[in-house]
Each structure stands twice: as structure tokens, then as C-alpha cells.
Amino acid sequence: MLEPGNNALLPDIPSKRYFTIGEVSELCDVKPHVLRYWEQEFNQLKPVKRRGNRRYYQRQDVLMIRQIRGLLYEQGYTIGGARLKLGEQKQQEVVQSASHAARIPVQTMVVDDVDMVPVLIHNMLVDLEQIVEILAL
């Protein structure tokens with residue numbers, strides 16, 4: 001087990017789409033039962049569940065777990081404190097994103113390529129879901 005303060009010594013994350021709980025455990029130096037517990041405590045952690053309720057984590061989940069690990073093990077936050085800190089960071093990201101979008105002239109948001117419309121709609125839905133999560137805090 002790595003000592004607190006050594007989050008930088010964790011192995012690089014391979015370029016895979018999905019990771020099993022065992023792989024994530026090794027990549028983040030956190031035991032699987034702790035990962036399952038954190039899923040209950042942090043609503044940002046939502047691994048994909050497939051056959052037989054098996055968990056498959058994506059890259060953003062691994063990054064989030066490393067961030068949680070850093071807050072808890074290195075910076076000494078409690079679970080509640082880490083949850084609040086992550087919520088504050090999420091709010092700041094949304095505010096920055098919204099202020100950036102407000103500076104984009106409307107003309108540049110017109111889509112010339114019809115194939116990009118589904119991508120833009122998906123991105124808007126993701127942004128709206130993030131706003132809903134923040135408002136639910």
C-alpha cells in the first residue's frame with residue numbers, strides 16, 4: 001500500500017475503455033471493498049454494471065477515484081468533506097463552462113455540418129445533467 005502523499009506514484013492508466021474492479025483497485029491502490037463503499041458515498045462514481053452485476057469502470061471513474069483517494073488519504077478530508085469539496089469543484093466547472101459559452105457569439109454556434117448535430121445534442125444533455133446534479137446538492 002502506498003503511503004499518504006504518494007498519489008503521484010500510482011501507475012499510469014492504460015488506454016482501455018473499461019476496467020474491472022480489480023484493475024481499478026491496483027491502479028488506484030484502493031481495495032475493492034473500499035471502492036464499493038465509495039460508490040455509495042459519492043454519487044459521482046457510477047460504474048457501468050453488466051452481466052451478474054459486475055462493475056466496469058471507465059477512465060473518468062478511475063480519475064475520480066484517484067481524486068477521492070487524494071482528498072481522503074493525502075489531504076485528510078472526511079467522507080463528508082470530500083463530498084463537499086468535489087461538489088464545489090463541479091460547481092466551479094459548470095460556472096466556468098457557462099461563462100465560456102456565454103462569450104461565444106451566437107453565429108459561431110450555427111452548425112454547418114448536419115452530422116455534428118447529434119454530437120452537439122449529446123454534449124448539451126451531458127451539460128444539463130451536470131447542472132441537475134449540482135442543483136440536487
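Does R66 qualify as being out of contact with any strand residue (DSSP E or B) (no Cβ under 9 Å at 6 or more places or on another chain), touching a residue at least 40 places away in the same chain (Cβ under 8 Å) and surrounded by 13 or more Cβ atoms within 10 Å (Cβ to Cβ)? So R66 fits the description; yes. Checking each residue in region 26-38 for being crowded, with 18+ Cβ neighbours inside 10 Å and within 16 Å of the chain's Cα centre (by Cα) picks out L27, C28, L35, W38. When region 70-85 is filtered for residues that are over 16 Å from N43 (Cα atoms), exposed (fewer than 13 other Cβ atoms within 10 Å of the Cβ) and polar (S, T, N, Q), nothing remains. Report whether or not H100 is at pLDDT below 75 and either surrounded by fewer than 11 Cβ atoms within 10 Å (Cβ to Cβ) or assigned to a loop (DSSP other than H, G, I, E, B) (or both). Answer is yes for this residue. Summed over region 12-21, residues that are of a type outside the set (S, T, N, Q), over 19 Å from G70 (Cα atoms) and exposed (fewer than 14 other Cβ atoms within 10 Å of the Cβ) total 3.
The values are calculated or read from the model by the stated rules, or taken from the named source; none is laboratory data. All values derive from a computational prediction rather than experimental measurement. Note that we place each Cβ from the backbone using ideal geometry, even for glycine, and neighbour counts take in every protein chain shown.
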